[in-house]
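The structure under discussion appears below in the form of structure tokens.
Derivation of every value follows stated rules applied to the coordinates shown; laboratory data play no part. These figures come from a predicted structure and were not determined experimentally. No Cβ is skipped: glycine too gets one built from the backbone with ideal geometry, and neighbour counts run over all protein chains shown.
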Protein chains: 2
Amino acid sequence: MFKKKAGYVVAVVGATGAVGKETLEILEERKFPLTSLRLFASKRSAGEVLPCQGKEWKVEELTPEVSFVGVDIAFISATDDISREYGRRLGAAGVVVIDDSGVFRMEADVPLVVPEVNAHALRTMPRGIVSIPNCTTTPLVMALKPLQEAVGVKRVVVTTFQSVSGTGAAAMDELMTQTKDLLAFRDAKAEVYPYQIAFNLLPHIGSFNSDGDCSEEVKILEAPTLRVTATTVRVPVLRCHSEAINVELERPLKPNEARAALAAMPGVIVYDDPSKKLYPMPLDATGKDDVYIGRIREDESITNGLNLWVVSDNLRKGAALNAVQIAEHLAKG
Amino acid sequence: MFKKKAGYVVAVVGATGAVGKETLEILEERKFPLTSLRLFASKRSAGEVLPCQGKEWKVEELTPEVSFVGVDIAFISATDDISREYGRRLGAAGVVVIDDSGVFRMEADVPLVVPEVNAHALRTMPRGIVSIPNCTTTPLVMALKPLQEAVGVKRVVVTTFQSVSGTGAAAMDELMTQTKDLLAFRDAKAEVYPYQIAFNLLPHIGSFNSDGDCSEEVKILEAPTLRVTATTVRVPVLRCHSEAINVELERPLKPNEARAALAAMPGVIVYDDPSKKLYPMPLDATGKDDVYIGRIREDESITNGLNLWVVSDNLRKGAALNAVQIAEHLAKG
């Protein structure tokens, strides 16, 4: 389905957004074999010029008239509407679509992939689309996978601390503008979020239509019996999502054994020495590729209980890096 | 033990700290029957003049030579050392000590009291000391008590989002100074906390000597079988502590029944209509006396599971208000 080539024509849809820009950086850092790059954004950003791999690329306006002929891979990280409109069409036209939206995540014929966890799911992509989990689910499953393999995971209670970059560049601007206004004794204007986010917390991510459980967690773990409950909270942090994860394991696993299992997981760094005040923090994980795990402690309130604190750059492993890793995996054949 | 009087001589130890100042405001707001007020602080703050109930009171330096003769009630909210040094001595000398530190919380002959939860424990104060729970435990037990009474609470997983005012006024200054410095592209200096707190999270409250469980939660609930695990996180918020609480109940309780039970609890306000984007936030709860509870949802990952989001002003119900309410309770006789 995906032909091995010396180089690929890559499209980035949503190129000027927070994830899009990170995608360009990562394509450059990791020397992804590019033949050429096509950048797409809304009319407002069309004409901007962005650098990647030593060249400059002009942003095109995304319209239904745009031809994607010759494009091998399209990274889509824009709105759900854009994913809905272009994802299916490009997938059907033979472009491999790596989609960051929630539109396809629960569709049975669209693999939902974190390469370290379930790269094998890329073997069948009947619609030409692969989905990546949302930016809190990816680090969560990276943390759960080694525990699942070691002793089995029975139930998970996760509480998230999500940075504003998860919403996008406009939300990062809003946090900074609100902070500046408040320091100058001006009112903080809320436009991206329903309320002020500076010096505040919003227990509200996305829409309230669901019961709060992140259903895609279940799918990607390929453990239909996994039971998860989640509370998701927006915090006044620019980058990186953090998660307090409480796990009920199937069988006993000492904290030290958990540390060893987690440390052996590719893409995970165990950073856990409270006696030296070493624990993961958003500030330290910003711009990093790995998922950092610390505060690994026994939870004595239950048999086989374990607490973890996980921090990961939501724009990197939570989004752009995971997408590029999928492309790399496909390119390797 | 505690004589009913028309007015009391009250001492506030740590009067210039964040909790001390709040105590003065609350004594004024609630018209606590004061005959006179004695304010104590370290040498640095001695001589400051603070208002309360229409008068101005001069801050005295706290030294071992200070006489507390004639003082009826002493609120202590300073350091553990101060509580250790003065708590026992004043209690033995007939002063009713209402202590905000962790020094006495686990002592069998010192009641640990939230009046709405266990005012009856004030009947016996053999050492003249009463302890108040820490600023996250008080709202937690306020939320759990009605659930405990309705159907029983089996196990609790709590994740806290604690504001810097929990550390004190210096930490509030540090957050503001760091924020200003970062906005001016200067480095943020960390002195109160080991790392930058502005735009960051520290999964670290107090000391790491314990396993992370808040053992005083068990005592105050008077439910020795209650099982609790906690992850506590400092967030860049000035005031109010928030908590994501996952509860496993003994028997079934629908979210609407939980809302009704919680709403009937004195000192609790249920603020829970996600469809209208109504949920508790630190910004809204600042300066308020009540404990706000929202995001009340069934947790389907377990039988009889319930999720709550609780926000409370840590300087009010979490500290000064709870202490003054205890004094009021004692004064009522």
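Computed from backbone phi, the HN-Hα couplings of the stretch A:52-68 come to 6, 6, x, 10, 10, 10, 8, 7, 9, 6, 7, 9, x, 7, 4, 8, 9 Hz, rounded to whole numbers (Karplus: 6.51 cos²θ - 1.76 cosθ + 1.60, θ = phi - 60°; Gly and Pro given as x). Exposure proxy ranking for A:Ser163, B:Ser36, A:Ser207, B:Ser101, based on other Cβ atoms within 10 angstrom of each Cβ and starting from the fewest, stands as A:Ser207, B:Ser36, B:Ser101, A:Ser163. Based on alpha-carbon centroids, what's the gap between the stretch A:258-333 and the stretch B:161-188 in Å, whole number please? That distance is 27 Å. Under a 5 Å amide H cut-off, with hydrogens placed 1.01 Å from N, B:Val228 pairs with B:Val156 among residues at least 5 apart or on other chains. With the simple model of a label 7 Å out from the Cα in the direction of the Cβ, A:Glu149 to A:Lys189 spans 5.1 nm.
Using the Cα gyration tensor of the stretch A:233-272, with a ≥ b ≥ c the square roots of its eigenvalues, what is the shape: rounded (a/c below 1.5), prolate (a/b larger than b/c) or oblate (neither)?
Values: a/c = 3.16, a/b = 1.69, b/c = 1.87.
Verdict is oblate for the stretch A:233-272.
Take every DSSP beta bridge whose two residues both sit in chain B; close to 45 percent of them are antiparallel.
Of all DSSP bridge pairs formed entirely within the stretch A:253-333, close to 70 percent run antiparallel. Dipole check for the protein assembly as shown: with +1 at the C-beta of Lys and Arg, -1 at the C-beta of Asp and Glu, and the Cα centre as origin, the magnitude is about 20 Debye. Taking square-rooted eigenvalues a ≥ b ≥ c of the alpha carbon gyration tensor, is chain B rounded, prolate or oblate, where a/c under 1.5 means rounded and, failing that, a/b exceeding b/c means prolate? Oblate is the answer for chain B, as a/c is 1.5 or above yet b/c matches or exceeds a/b.
Considering only A:Val114, A:Val12, A:Val69, the mean-square fluctuation computed in a Gaussian network model of chain A, springs between alpha carbons under 10 angstrom, is largest for A:Val69. Each copy carries a label point for B:Pro51 at 7 Å from Cα toward Cβ; from one copy, the others' points are 5.9 nm away, ordered from shortest. Taking B:Leu50, B:Leu175, B:Leu140 as the candidate residues, the one with maximal mean-square fluctuation in a Gaussian network model of chain B, Cα springs under 10 Å, is B:Leu50. Longer than 30 Å from Cα to Cα, which of A:Lys180/B:Lys189; A:Lys3/A:Lys154; B:Lys43/B:Lys317 are they? Say none if no pair is. Checking Cα-Cα distances, A:Lys3/A:Lys154 exceed 30 Å. Take B:Glu257, push a point 7 Å out from Cα through the beta-carbon direction, and compare it with the same point in every other copy: 3.8 nm, smallest first. Working from Cα pairs under 8 Å separated by at least six residues, relative contact order for chain A is 19 percent. Measure nothing fancy, just the Cα-based angle from helix A:169-183's long axis to the longest principal axis of chain A, in degrees from 0 to 90, nearest 10. For A:169-183 against chain A, the angle is about 60 degrees. A straight chain from A:Lys276 to A:Ala6 at 0.36 nm per residue would run longer than the Cα-Cα distance by 92.4 nm.
Applying 1/(1 + (r/R0)^6) with R0 = 25 Å to the Cβ-Cβ distance of A:Asp181 and A:Glu48 gives a FRET efficiency near 0.35. Projected label points at A:Arg259 and A:Arg123, each 7 Å from Cα along the beta carbon direction, are separated by 3.7 nanometres. Remark: the stretch B:319-325, residue by residue, has Karplus-estimated 3J(HN,Hα) of 8, 4, 5, 4, 5, 5, 4 Hz, where x stands for each Gly or Pro and the curve is 6.51 cos²θ - 1.76 cosθ + 1.60 at θ = phi - 60°. Here the contact order of the stretch B:1-111, divided by its residue count and restricted to Cα pairs under 8 Å and six or more residues apart, works out to 26 percent.
Relative protection proxy for A:183-194, A:263-274, from highest mean packing down: A:263-274, A:183-194 (other beta-carbon atoms within 10 angstrom). Label-to-label distance for A:Arg251 and B:Lys58 is 7.4 nm, based on points extended 7 Å past Cα in the beta-carbon direction. Taking other Cβ atoms within 10 Å as a rough exposure proxy, A:Glu60, B:Glu174, B:Glu243 sort from fewest to most as A:Glu60, B:Glu174, B:Glu243.
Under the classification rounded if a/c is under 1.5, otherwise prolate if a/b is larger than b/c and oblate if not, where does the protein assembly as shown fall, given a ≥ b ≥ c as square roots of the Cα gyration tensor eigenvalues?
Cα axes put the protein assembly as shown in the prolate bin.
Helix A:18-29 and the longest principal axis of the C-alpha atoms of chain A enclose an angle of approximately 80°. For A:Ile269, the residues 5 or more places off, or on other chains, whose built amide H falls under 5 Å of its own are A:Val291, A:Tyr292, A:Ile293.
Could you calculate the FRET efficiency of B:Arg89 with A:Ser207 from 1/(1 + (r/R0)^6), where r is the beta carbon distance between them and R0 is 56 Å, rounded to 0.05? Computed FRET efficiency for B:Arg89 and A:Ser207: 0.45. Separation of the alpha carbons by more than 30 angstrom is noted, of A:Lys277/B:Lys254; B:Lys254/B:Lys276; A:Lys55/A:Lys332, for A:Lys277/B:Lys254. With the label put 7 angstrom out from Cα along the Cα-to-Cβ vector, A:Val69 ends up 10.3 nm from the copy partners, going from closest to farthest. Its relative contact order, with pairs defined as Cα atoms under 8 Å and 6+ residues apart, puts the stretch B:112-205 at 16 percent.
Across the stretch B:257-262, rounded Karplus estimates of 3J(HN,Hα) from the backbone phi angles (6.51 cos²θ - 1.76 cosθ + 1.60, θ = phi - 60°) give 5, 5, 4, 5, 5, 5 Hz, Gly and Pro being marked x. Among A:Asn134, A:Asn200, A:Asn118, which one moves the most in a GNM of chain A with springs linking Cα atoms closer than 10 Å? Among A:Asn134, A:Asn200, A:Asn118, the largest GNM mean-square fluctuation belongs to A:Asn200. Averaged over peptide B:235-246, the number of partner chain Cβ atoms lying within 10 Å of each residue's Cβ comes to 5.
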